[in-house]
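Undergrad: Here it is, the structure in full.
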Amino acid sequence: MLKKIFYIFILFAVSVPFLPMAKAAPNGLGVSPVVVDEKGEPRQIIKKSLVLANASGRYQDVYTFVNNISAEQGTQEFIQPSDADFSDSLANWINISRAMYHMAPGEKKTIDYEIKINLTAKPGKYHAIISFAEGFNRDDASARLLEAATVTVNLEVPENIKEEAQLLKFLPQKNYFFNAPINFYFEVENIGNRNILPTGEIIVYNKDGKEVANTQANPQKVSVEPDQIIRYNVKFAKLGGFGRYKAVLSLNYGGTQRGQLQDIVYFWVLPWPLLLFGGVSLLAIFILIYLYLETWRKPKNFSAPTQSTVIKIVKPSATAKLKQTEAEEVKKKTRYV
């Protein structure tokens with residue numbers, strides 16, 4: 001048991017030099033942690049805290065300052081919110097109390113702060129320093145920033161890459177093709193924020209599900225810019241014979257964010273020589289059927305008359321009727337001997 005405690009004590013003694021320690025300023029102020037590394041996206045709020053300690057044997061009035069720094073230009077003057085470009089100012093994204101802290105000897109104070117990444121933040125790495133300086137007032141403390149206890153804040157805003165597209169249309173130029181070429185078109189809309197290059201192919205299958213043709217969907221390598229719609233035209237020089245076909249479009253796009261687009265359309269191929277032969281054949285069949293039906297409807301022993309017989313009916317006139325009556329009266333009066 002004593003041997004185990006001894007080993008723990010040795011491990012603790014070796015590890016202590018590597019533990020984070022508060023950075024003590026010449027005036028006896030210390031702050032922990034001394035470095036903060038964070039990563040965030042626009043609109044994100046990162047909540048943090050630090051510990052400010054007064055290691056001196058006297059009371060101190062401490063003021064807080066926040067400044068942007070740059071690896072190329074060094075410490076930069078803090079920009080007032082009304083004049084700052086909030087898209088790339090980490091100092092303006094750090095929300096910490098600027099109140100004066102009256103620190104007693106040996107006192108430690110936990111200070112909360114937030115990093116509110118601006119909604120228009122540009123991708124990149126940003127650096128700022130939170131300084132705690134002693135002074136009779138803020139102006140006096142700002143003159144003593146070289147003696148201040150500081151925390152370095154490093155923030156990375158990753159690039160917001162969005163590679164996204166949608167297939168608006170995939171159609172044949174016509175539903176029926178009587179001769180070559182067989183033309184298709186499809187439309188791709190880029191709804192991301194990076195250029196995309198659609199690549200893939202169109203494969204045609206016959207009614208039996210057998211592949212009969214294929215071609216590149218974007219042989220010219222035409223890319224689509226953000227918020228742009230591009231129509232691609234694809235041509236097949238020839239296909240098989242008569243029948244219904246299926247065309248399958250398969251597209252890939254994107255670099256770090258790979259995406260796929262797919263669609264299926266159906267169409268008919270009706271070669272005009274075959275249609276002409278079929279039309280003539282149908283017409284001949286209709287004519288033969290018509291002649292057969294006409295022959296079947298006629299009586300078998302029917303013979304048409306060679307000469308027309310006209311019977312004329314003459315209606316007697318009134319004068320003829322009167323003469324006929326008079327002749328009958330005379331005949332009645334005549335006496336025969």
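Only the coordinates and a few stated rules stand behind these numbers; no lab work does. Treat the numbers as computed from the prediction; the structure is a model and nothing was measured. Counting neighbours? That spans all protein chains shown, and the Cβs are built from the backbone with ideal geometry, glycine included.
Undergrad: By per-residue mean of other Cβ atoms within 10 Å, what is the highest-first order of 99-105, 61-67?
TA: Numbers: 99-105: 14.3, 61-67: 19.7.
Listed from highest to lowest mean packing, they are 61-67, 99-105.
Undergrad: Local charge sum around Phe136 (other residues, Cβ-Cβ under 12 Å, Lys/Arg +1, Asp/Glu -1)?
TA: Numbers: positive: Arg138, Arg144; negative: Asp61, Glu134, Asp139, Asp140.
For residues surrounding Phe136, the net value is -2.
Undergrad: Right, another one. Starting from the exponent 0.38 and prefactor 2.2 Å, build the expected Rg for the range 130-273 from its residue count and divide its actual Cα Rg by it. Kindly include the intermediate steps, with their values, before the conclusion.
TA: Working: Rg = 28.6 Å, N = 144, 2.2 N^0.38 = 14.5 Å.
Output field value: 1.97.
Undergrad: I need the peptides 224-235, 146-157 ranked by packing, meaning the mean over residues of other C-beta atoms within 10 angstrom, with the highest value on top.
TA: Numbers: 224-235: 14.7, 146-157: 19.2.
Sorting 224-235, 146-157 by mean packing, highest first, produces 146-157, 224-235.
Undergrad: If you don't mind, there's one more thing I want to ask. For a quick check: with amide H placed at 1.01 Å from N, whose amide H comes under 5 Å from Arg194's, ignoring anything fewer than 5 positions away on the same chain?
TA: Amide H neighbours of Arg194, under 5 Å, 5+ apart: Lys162, Glu164.
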